[in-house]
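The values are calculated or read from the model by the stated rules, or taken from the named source; none is laboratory data. Here the structure is a predicted model, which is why all the values come from computation and not from measurement. Backbone-built Cβ (ideal geometry, glycine too); neighbour counts: all protein chains shown. Note: accessible area is taken over every heavy atom of the protein model, side chains too, but ligands, DNA and RNA are not part of it. Shrake-Rupley method; radii C 1.70, N 1.55, O 1.52, S 1.80 Å.
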Amino acid sequence: MNRIVIYILMIAVFFTATSELVVAGILNVLAEEMHISVALAGQLITAYSLAFAIGTPVIVSLTARMGRKKLLLIALSVFIIGNLVSFASSGFILLMAARMILGMSSGVLMVAAFSAAAKMVPPEKIGSAIGTIILGFSSAMILGVPVGIAL
């Protein structure tokens, strides 16, 4: 049962990482559709990364007493909401805000997934469980980005 949960966490990390990385492959299309420069469209990647880097430790520390399962579900829900806002956004500012929401929720989900995995398996299997979750992130670079660009 724990193995299935670890694989589900890996898939969740795959999708969150794909959403982070796919924008780099479609910058030209995004810039053209939004009537902005490619450099400005590139700031969507920066906003995501900064939100991930700054927001994740803050949110994780504020939610330290929360159960990992609850935190995972909240992070995944916020991630879905961020994607819906991205999809519905017609302006650059709203898309930028959605990317920041995605960055923070993705980071929190990843940290919570590592924590949950470490608690689900015996001590000698922690490295393997965390490695499986990291495989989701690595796979996003190899599979998720090209598939996202093709779509």
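At a glance:
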{"quantity": "Selected residue (only one of 104, 120, 110 is open to solvent by 40 Å² or more (accessible area, probe 1.4 Å) and within 13 Å of the chain's Cα centre (by Cα))", "calculated": "104"}
{"quantity": "From the options 128, 115, 90, residue that is within 18 Å of residue 2 (Cβ to Cβ) and open to solvent by 40 Å² or more (accessible area, probe 1.4 Å)", "calculated": "128"}
{"quantity": "Matching helices (runs of 4 or more DSSP H) fully within the stretch 1-110 where at least 1 residues are hydroxyl-bearing (Ser, Thr, Tyr)", "calculated": "2-25, 38-50, 56-62, 68-88"}
{"quantity": "Only one of 24, 53, 17 that is open to solvent by 40 Å² or more (accessible area, probe 1.4 Å), under 16 Å from the mean Cα position of the chain (by Cα), farther than 14 Å from residue 97 by Cα and at pLDDT below 90", "calculated": "24"}
{"quantity": "Test: residue in the stretch 6-18 that is under 28 Å from residue 117 (Cα atoms) and without any contact (Cβ under 8 Å) to a residue 40 or more places away in the chain", "calculated": "yes"}
